[in-house]
Amino acid sequence: MQRDLNALADRRFDVVVVGGGIFGLCTAYDAALRGFSVALLEKGDLAAATSSACFKMVHGGVRYLQHADIARLRQSAAERSVLLRIAPHLVEPLPIIIPTYGRGVKGKAFLGAGLRAYDALTVDRNRGTADRARHIGPARFMSRGELEEAFPGVRGEGLTGAAVFQDGQMYSASRLGLAFALSAARAGAQIANYAEVTGFLRDGDSVSGVHVRDRLGGGSFEVRGRVVINAAGPWAEELLAAGLNVRLEPASTFSRDTCFMTSRPARGRNALAAMGRTRDPDAVLSRDARHLFIVPWHERVIIGVWHVVHGGAPGRFTVTENELAAYLDEINWAYPGLNLERGEITMWSAGLVLFGENAPGAVNLSYGKRSRLIDHAAVHGVPNLLTLIGVRYTTARAEAAKAVDWAARRLGMAERRCTSAHRPLVGGRIDDVNALLASAEREYAPFIPGPTVRALVRNYGTEFRAIAEAARRDRHAAARLGDSTVAAGEIDHAVREEMAVRLEDVVVRRTNLGEIGHPGPTALHAAAERMGEIMNWDAARRRREIESVEALFAWRGGPAAAPPRGAMKP
């Protein structure tokens, strides 16, 4: 996958996609699979904003049972199954333990009935999934003793045990997004990061392409397309207003969804769902309060999610120290045995998610429920333009398919049907992930440390061999960066094959270096040296790149501040 701006400016595409988050990437992938010529333009890096800052969960829709929203439940469970099939190295089942208390809505009988109904509604959830380790199991129950052994210090008054269900978890949200990008590129899509769409080309009333600014080399150019799909997420409405003087009615509301990475070691592979202090006002049947999740991820504990309605510009938010203190207080109240301290939070991670309509100052917030797809010919009299603002990472592929269905109709090619649910992503053609992990470790352990081999397989799937073989030939490519599991050869691969152009791209998104927090000065400087050699950076440029990444981690773990310019967008 190469960044070739000349290839974008020299032709007219069938479909131009604006936005390189998960919804835009899935749209480009689906359209390319159907044989359309596709261009995708992203003003930052691919999967760099909300798509990488999410809670890493692949939700099967169990919460929607409370809303009696069976259609949304079925869609979410189906899309969880799709991701487990097409990217089994990047998505796996996650057992989630829900404590039960007394009788009534907090008790085992009530919760068990709900989970059994959920199992029945998703009885086909494992159909077509070859790897049994990627099957979602049925609900089960734990005794009080088993629960307290798994999570000591759970609130004890009235505690009767727990129910356990399985959902999905991403190994890396950024790499999953990148797998869609790589797959789209191999299917023929032309993709460019740091290429900002500033407006729309017009042919009479119709949209006929976009104006683009190169944020790396400077200069502007045009990309022409028969249809344009605006998948810029929280920035979609800004682009419509600036480029067409078009405004959506009603305007979208976004939540700043926040989770926290910690230095606390995980206790096994189970997650805990502890009841917090706020209610779900839309629930038809509710267990009294929403759950906060204490989740194992990369052998550490991550915690979330906290929702705050965001009323400002999409690129301007932070998490203040007062908010951190309030969130700490709530999680320690919900799970007293955690006893988490501020110094154990290594980084907060947040993005803007389409939300429900809420009164100003509301405490019990209404979540977003449906993605928005707006055909601007029907609504605003502007043909050949669709806006897609997605609501959940899990369902991005399905929502993208709807957008491409629209494009196919506009192009007079409605017979071209979606096949993205059945095609493994790049690296994802794996029948047994555990068998691949074992064979890879046996083959490459003499050259690469075992933890690094396992991380390579999880990040790249079957594509890991390109990096492993380079490490076999060159001991410098096999060297770990600092105390991380990341091999130096991953830097080479990110630059040459995955369109990484800045140090931040490599540290935060292409590799595991910055997944949990700052990787340490040794690893950061080693990554800058390696990348600088490939990119021909001088000493001043390397220093600027390091400073930018340092500022990013300071912003995501320190006191309230504006995001460092160019370091990361929420």
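Please treat every number below as a calculation from the coordinates, not as lab data. Just so it is clear, the model here is predicted, and its values are computed rather than measured. When we count neighbours, we look across all protein chains shown, and the Cβ atoms used for this are built from the backbone with ideal geometry, even at glycine.
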Among GLY427, GLY218, THR511, flag the residue with its Cα farthest along the positive direction of the charge dipole of the chain, charges on Cβ as +1 for Lys/Arg and -1 for Asp/Glu. GLY427
I need the phi-derived Karplus couplings for region 312-317: 6.51 cos²θ - 1.76 cosθ + 1.60, θ = phi - 60°, integer Hz, Gly and Pro marked x. x, 5, x, x, 10, 7
Given charges at Cβ of Lys, Arg, Asp, Glu: the chain dipole, positive-most of GLY35, GLY315, ILE345: GLY35
Given +1 on the Cβ of Lys and Arg, -1 on the Cβ of Asp and Glu, and no further charges, what dipole in debye does the chain carry about its Cα centre, rounded to the nearest 20? 980 debye
Ordered by residue, what ³J(HN,Hα) values in Hz, to whole numbers, does region 342-348 give under the Karplus form 6.51 cos²θ - 1.76 cosθ + 1.60, where θ = phi - 60° and Gly and Pro are x? 4, x, 8, 7, 8, 5, 9
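What percent antiparallel are the DSSP beta bridges of the chain, to the nearest 5? Walk me through the intermediate numbers first.
Numbers: 63 of 81 bridges.
Percentage antiparallel, nearest 5: 80.
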Say the dipole of the chain comes from +1 at the beta carbon of Lys and Arg and -1 at that of Asp and Glu; which of PHE110, ALA236, VAL301 then lies farthest toward its positive end? PHE110
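Using 1/(1 + (r/R0)^6) with R0 = 41 angstrom and r between the beta carbons of THR198 and ALA540, what's the FRET efficiency to the nearest 0.05? Walk me through the numbers on the way to the answer.
On the way: r = 29 Å, r/R0 = 0.71.
Step by step, r from the Cβ atoms, then E = 0.90.
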Labelled set [x] 0.95; [y] 0.98; [z] 1.02; Rg/Rh (Cα atoms, Kirkwood Rh) computed from this model equals the value at [x]
GLU299-ASN339 pseudo-label distance in nm [points 7 Å out on the Cα-to-Cβ vector]: 2.4 nm
Quick one: if you stick a label point 7 Å off each Cα along the C-beta vector at HIS476 and ALA120, how many nm between them? 6.5 nm
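Can you give the FRET efficiency for ALA438 and ASP205, using 1/(1 + (r/R0)^6), R0 = 56 Å, r = Cβ-Cβ distance, to the nearest 0.05?
Details: r = 60 Å, r/R0 = 1.07.
About 0.40, to the nearest 0.05.
Pull out the extension gain between THR129 and LEU159, defined as 0.36 nm times the separation in residues minus the alpha carbon to alpha carbon distance; nm, one decimal. Don't skip to the answer; put the middle values down first.
Values: separation 30, 0.36 × 30 = 10.80 nm, distance 3.64 nm.
Fully extending the segment from THR129 to LEU159 adds 7.2 nm.
Between VAL379 and ALA7, what FRET efficiency follows from the Cβ-Cβ distance if R0 is 45 Å, with the result rounded to 0.05? Mind dumping the intermediate values first?
Numbers: r = 33 Å, r/R0 = 0.73.
Taking R0 as 45 Å, the efficiency between VAL379 and ALA7 is 0.85.
Quick check for me: using +1 on Lys/Arg Cβ and -1 on Asp/Glu Cβ, what's the dipole size of region 433-555 about its Cα centre, in debye to the nearest 20?
Values: 17 positive and 19 negative charges, 36 e Å.
Dipole about the Cα centre, nearest 20: 180 debye.
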Rough spin-label spacing in nm, given labels placed 7 Å along Cα→Cβ, for ALA242 and GLU497: 3.5 nm
Once normalised by the length of region 199-321, the mean sequence separation of its alpha carbon contacts under 8 Å that are 6 or more apart gives a contact order in percent of 21 percent
What are the residues whose amide H is under 5 Å from the amide H of ARG300, where those residues sit 5 or more places off or on another chain and H is modelled from the backbone? ALA266
Find the relative contact order for the chain and round it to a whole percent, using C-alpha pairs within less than 8 Å whose residues are 6+ positions apart. 19 percent
Work out, step by step, the length gained on full extension between ASN332 and ALA313: first 0.36 nm times the residue separation, then minus their alpha carbon distance; give nm to one decimal. 3.7 nm
Count of lysine pairs in the chain with Cα separation under 29 Å (8 or more residues apart, or interchain): 14
³J(HN,Hα) computed for each position of region 257-271 - Karplus, 6.51 cos²θ - 1.76 cosθ + 1.60, integer Hz, glycine/proline x: 8, 10, 10, 10, 8, 10, 8, 5, x, 6, 9, x, 10, 8, 9
Mean separation of Cα pairs under 8 Å and 6+ residues apart, divided by the residue count of region 433-555: what relative contact order is that in percent? 18 percent
